[in-house]
Structure formats: structure tokens, C-alpha cells
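In what follows, a single structure is set out as C-alpha cells and then discussed.
The values are calculated or read from the model by the stated rules, or taken from the named source; none is laboratory data. Here the structure is a predicted model, which is why all the values come from computation and not from measurement. No Cβ is skipped: glycine too gets one built from the backbone with ideal geometry, and neighbour counts run over all protein chains shown.
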Amino acid sequence: MSDLTPADAARAARALMPELRRDLEALVRIPSVSVPGIIDAPLIDAFEMTSRLFADAGVEVGRLDLPDTAPVVTGSIPAPPGAPTVLLYSHYDVVPAGDESLWNSPPFEPTERDGALYGRGVADTKSNILMHVGALRAWGGRPPVGIKICIEGYEEIGSGALTSYPVTDPALFDADVLVIGDMGSITPGVPTLTTGLRGMGNVTIEVRTLESGKHSGQYGGAAPDALLAVLQAIATLHDEHGDVTVEGLRRNEWPGTDQPEEDFRALGTVLDGMPLIGTGGLGSRVWSGPAITVIGIDVPSVDGAVNAVSPYARAVLNVRVHPEQDAKEAQAAVMEHLRAVRPFGIELEVSAGPTGNGFFAPSDGPAYAAARGAWADAWGADVMLAGSGGSIPIVSALSEALPRAEALLIGTSDGYANIHGPNERMLLSEFEHATAALADFLGRYADAAS
């Protein structure tokens, strides 16, 4: 057992920042883009480097190979007698860089500007891997709690076979608290613990009404217009305020503090004078309530448009679901609504796309008590309990396998990190605060459990 106090470990973590940054930059230089059905050399390089980082931090590292899934870094540090165990989760894969001409520096060459490190994957989520490593290093590889790790390489494309694995082998992941390193602060300087993730499901609407397009002057007004039918159906999903009208979709007011509207507008790049849609608190609209977004639609282009009635139309909807509602149940409700609409008497073909359940974490346990103190001290500010509209596929799978474990969703990024976009960046100050907070938390949690 280490003689360090939690405060000592936090200070040690801050002192480690230069070496943690060097390791982070080396990891970011590996273009570990995940693509379905492909496990290429960069993914394996990232897996191997991640394995070495944890091994050097005191973890007895293992490897979990699952069908059609990148290898998962597993491992453990035995718990001292009577101490609880903490599972550290993150992922080493990244999304593609996209159009590199939109980047101000090469996406896989980490570059510092104005206190931030830029590069693909620096915020999502390789800095969280180094946050975990840094917290273990701060304790000299002998933390006062047991440690298990799960660092995957297919998270950005749905986690592959990993999502169904924990319930079949819960002992591999068994822990008293799950620390999910794939989140961060709502805004820079505001320490944030994420307690809810909305689930999601996609729905496709499709209809063919004519064998071919017909002249709108000769046929418009009577010929069944496929595009009008799809638009009419979509329009029934929301009321005049922008609230979702589908029966059976769960919504309640967010139990914590809402995000300030000015912050939401700034983060969402909402244009001046443009109203927000929906009613009620922001938390209920973006964290604990449903949302339906048209994410794709096949329509004739404005450029080169011809005067014709559309014979065919298709749209894809993304349905975001209350954290505690089954995603397939919500998806089915939307599909039932759309099938019942029959715009102009036209029957729509409605089909289900991928789904993923959300997650809600109770915040009244000993891990949350320890985390509130550690995060508040690290940032020198009050902690915010927030939700997220995004999804992390493995979280619900781990929670199903370990129903009694508390779950902390934390991390190094912030709302301006531009994850998945050009010029992704991570503030070095947030990286330092998060690493210090996690090192502090391991000590506080051990003390609370003793």
C-alpha cells in the first residue's frame, strides 16, 4: 500500500504532464482509424502502444480477441486487502480525418496552439488513455484500489462483438465502479460528471409512387408526389414548438442543473436571433428527452431542377432516446407513428436501422461522493452533473454485466473540442486537471471504502 495521500497523488499527476504529453503525441501520430471488417497495422500499432503504456504503469496486461473486432487491451492490478476495484475504460481507435484541407495542421501530427493540442483523436479519446495511465503512474503503479482495464479499438464503429461480451464473462470486468474515460467538461473550466447518455435508433422512410417523374404542369396536383408524402410524414413528428409528438417516447425534466442557454448557443454555433426549438428546460430537450433529426434525405437537387413530380423519395431519421428507455421500444414507436400517418392516403415503407441503448447513472453512491470532491479540487470550481446526447455502446453493456457497479463518465475533452471534425483539439489545462482528479479520486474512493 502506498503512503501517498490523495492530494499527494494529484500533485504527482500534475508533475507527470511533460512525459504524459510526449506519450500522448506518440499515440496520436498513429492513424488508428477503425473501419468495419478491417483490422490494419495502425490499429494494431495503437493497441500495442496502449498495452505498453499500461504495462509500464503497473498493470498486468492481457489481450481479448473477439470475432471481427479489434483486440481489446485488458489487465489488472490486484486490490489491496479490503479495497474496492475500479475499471478504467477508453478506446484507442479514431474516426477518419476527413478533408485534410480543412485542418490548420496535419491531423496526425499533434500541434500545440494557444494552450491546446490539435490532432485527430487527441480529445476523442487518446488523451483519456493517458489520463488513466497518468493516474496509475502518480501512485507509482500501486494504487490503493484494485484496477481493471478495458481499452477497445472499435468504439467509433459500434464496438463490434465487445458489446455482447461482458455479460458472458463478467468476472473479466468485475469492479465496484466503472470509470468511463470518453467524456469531459461541458465548457472549459467547469468540472463535469456525466450521469446520462441518450440512446439512439435510426428509422428509414421510403416510398415510390410513380414509375418515373412526370411533368408537374400536366400531372402536378393529382399525381401522387413521393417527396411531398415523405415531407408530410416528417412534419407530423413535431408540434408547432418543435417538441416531439410521437406517443410512447419518454421524457422528463433533467434532475440536475441545466446547461446555461448562452453556453449551449455558443457551443452549437446557433446564429444570432435564431430561436431554439422545443419547450421546457434545456436538459429535458437534449439530455433526458427524445429528439428526432432528419440526417439524410434523397431529393432532387436545386441545381439542375426540372419541373417534375417526384416518383420516389427516401429519408433517414435519427431518434435520440431517454437514457432509461429501451431504444428498440422507442424506435418501434416512431415506426408505428409513421406507418399510421398515410399522407394523402399513401402507405410508406418504414424500416428499422441500428439501435443502441442509453444509460443513466445514480449519483448518490460513495464513488460519486469521492469524485465530486476530487473534481472540484482539481478545477477549483463546483462540479456539474450533466447528460449527453451521444452514445457510448459499451457503457450499457458493462452496466448490464455489472448492475451493482457505480459508473463515472469523465474525461479530458470539453464542448469546444470539435471531436469528429477538423481541427480537433484538447486543452492541456483540462488534460492536467482530469488526470490529477482521477489520481485524487482513486485515493478518496479507497479511503471511503475502508
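Looking across the range 256-269, the residues that are free of Cβ contacts under 8 Å to residues at least 40 places away in the same chain, assigned to a loop (DSSP other than H, G, I, E, B) and not acidic (Asp, Glu) come down to Pro260, Gly268, Thr269. Where strands (runs of 3 or more DSSP E) fall entirely within the range 278-387, those with at least 3 residues that are in contact with a Gly (Cβ under 9 Å, 6 or more places away or on another chain) are at 312-321, 349-356. Note on the range 324-380: residues that are among the charged types (D, E, K, R) and in contact with a Leu (Cβ under 8 Å, 6 or more places away or on another chain) total 3.
Report yes if Gly353 is touching a residue at least 24 places away in the same chain (Cβ under 8 Å), surrounded by fewer than 22 Cβ atoms within 10 Å (Cβ to Cβ) and closer than 21 Å to Ala175 by Cα, otherwise no. Don't jump to the end; show me each part of the working.
Details: touching a residue at least 24 places away in the same chain (Cβ under 8 Å): yes; surrounded by fewer than 22 Cβ atoms within 10 Å (Cβ to Cβ): yes; closer than 21 Å to Ala175 by Cα: no.
So Gly353 does not fit the description; no.
Considering the conditions (1) within 28 Å of Glu262 (Cβ to Cβ); (2) assigned to a strand (DSSP E or B), Gly421 is excluded by exactly one of them, (2). Of all the residues in the range 375-417, those that are among the polar types (S, T, N, Q) and at pLDDT 95 or above number 2. Consider Leu276 carefully, then state whether it is within 30 Å of Phe431 (Cβ to Cβ) and either aromatic (Phe, Trp, Tyr) or exposed (fewer than 15 other Cβ atoms within 10 Å of the Cβ) (or both). Considered against the rule, which asks whether it is within 30 Å of Phe431 (Cβ to Cβ) and either aromatic (Phe, Trp, Tyr) or exposed (fewer than 15 other Cβ atoms within 10 Å of the Cβ) (or both), Leu276 comes out as no. Looking at the structure I just gave you, is Val286 in contact (Cβ under 8 Å) with a residue 40 or more places away in the chain and either outside the structural domain of Ala352 (by TED's automatic domain parsing) or β-branched (Val, Ile, Thr) (or both)? Yes. Within the option set Leu385, Leu402, being crowded, with 17+ Cβ neighbours inside 10 Å, in contact with a Phe, Trp or Tyr (Cβ under 7 Å, 6 or more places away or on another chain), in contact (Cβ under 8 Å) with a residue 40 or more places away in the chain and in the same structural domain as Ser90 (by TED's automatic domain parsing) holds for one residue only, Leu402. Within the range 135-190, the set of residues being touching a Pro at 6+ places or on another chain (Cβ under 9 Å), closer than 23 Å to Met49 by Cα and in a strand (DSSP E or B) comprises Gly146, Ile147, Cys150, Glu152.
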